[in-house]
1. Suppose we keep only residues that are in a helix (DSSP H, G or I) and charged (D, E, K, R) within the range 117-129. Which one would you say is least open to solvent (accessible area, probe 1.4 Å)?
2. Looking only at the range 63-90, which residues are over 17 Å from Lys122 (Cβ atoms), open to solvent by 10 Å² or more (accessible area, probe 1.4 Å) and under 16 Å from the mean Cα position of the chain (by Cα)?
3. Taking the range 41-62 as the region of interest, how many residues are open to solvent by 60 Å² or more (accessible area, probe 1.4 Å), at pLDDT 90 or above and part of a loop (DSSP other than H, G, I, E, B)?
4. Output the residue which, of all residues in the range 2-40 that are surrounded by fewer than 16 Cβ atoms within 10 Å (Cβ to Cβ) and either on the phi > 0 side of the Ramachandran plot or aromatic (Phe, Trp, Tyr) (or both), is nearest to the chain's Cα centre (by Cα).
5. For the range 78-101, which positions are in a loop (DSSP other than H, G, I, E, B) and over 16 Å from Val64 (Cα atoms)?
6. What residue, of Arg114, Arg104, Arg153, is in a helix (DSSP H, G or I) and open to solvent by 60 Å² or more (accessible area, probe 1.4 Å)?
Amino acid sequence: MICCRLPAPEDEAILRDYVQEHGDHGERHISASCGLASMAYGDWVEKIRRCAETGEGEAGRSLVLLCFDRERLVGLLSVRYELPRELSESIGDIGYGVRPTERRKGYATAMLRRALDICREKGKSSVIVGCYKDNIASARTIRKCGGVFIFKRDSYTKGRPSLYFRIDL
């Protein structure tokens with residue numbers, strides 16, 4: 001159903017279109033983008049490649065993957081498989097975002113399952129995945145993939161309460 005890969009320099013136009021679609025739907029925050037909208041594209045690709053190869057500080061190595069259905073970019077997937085526990089419990093080991101026009105089609109579930117496979121391959125035995133409390137669809141996706149609620153944080157980002165789930169691998 002989906003194919004995921006690291007971004008490349010030639011992906012700039014499709015990623016700009018992805019960012020624009022979020023903006024057109026009134027969304028300022030783009031999940032799993034690792035600062036895409038606020039950086040020069042070449043710098044962003046370099047950062048993503050560096051994180052995949054050598055990591056960044058205490059967060060360790062991570063992946064930001066572009067997820068496609070055929071030729072269409074449907075979402076972004078962030079897999080932070082070397083986080084220390086305290087970071088895992090604040091930002092989560094996995095993040096994902098689906099473009100507004102492609103939601104409710106099963107892409108988030110497919111992306112989360114792909115991330116879980118990657119985490120298994122990297123030797124993790126469990127992961128923590130979070131979502132905003134008001135994002136009912138994301139909480140449903142996490143539960144569908146085996147997520148068990150573990151705690152709520154009242155003001156992690158911009159005063160929005162977040163829910164956190166553990167998924168054993």
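The values are calculated or read from the model by the stated rules, or taken from the named source; none is laboratory data. Fair warning: this is a prediction, and the values are worked out from it, not measured in the lab. Ideal geometry is used to build each Cβ from the backbone, glycine not excepted, and the neighbour counts take in all protein chains shown. To get the accessible areas, we keep the full protein, side chains included, count just its heavy atoms, and leave off ligands, DNA and RNA. Shrake-Rupley method; radii C 1.70, N 1.55, O 1.52, S 1.80 Å.
1. Filtering first and then ranking leaves Asp117.
2. Phe68, Glu89, Ser90
3. 2
4. The residue in question is Gly35.
5. Within the range 78-101, just Pro84 meets the criteria.
6. Result of the check over Arg114, Arg104, Arg153: Arg114.
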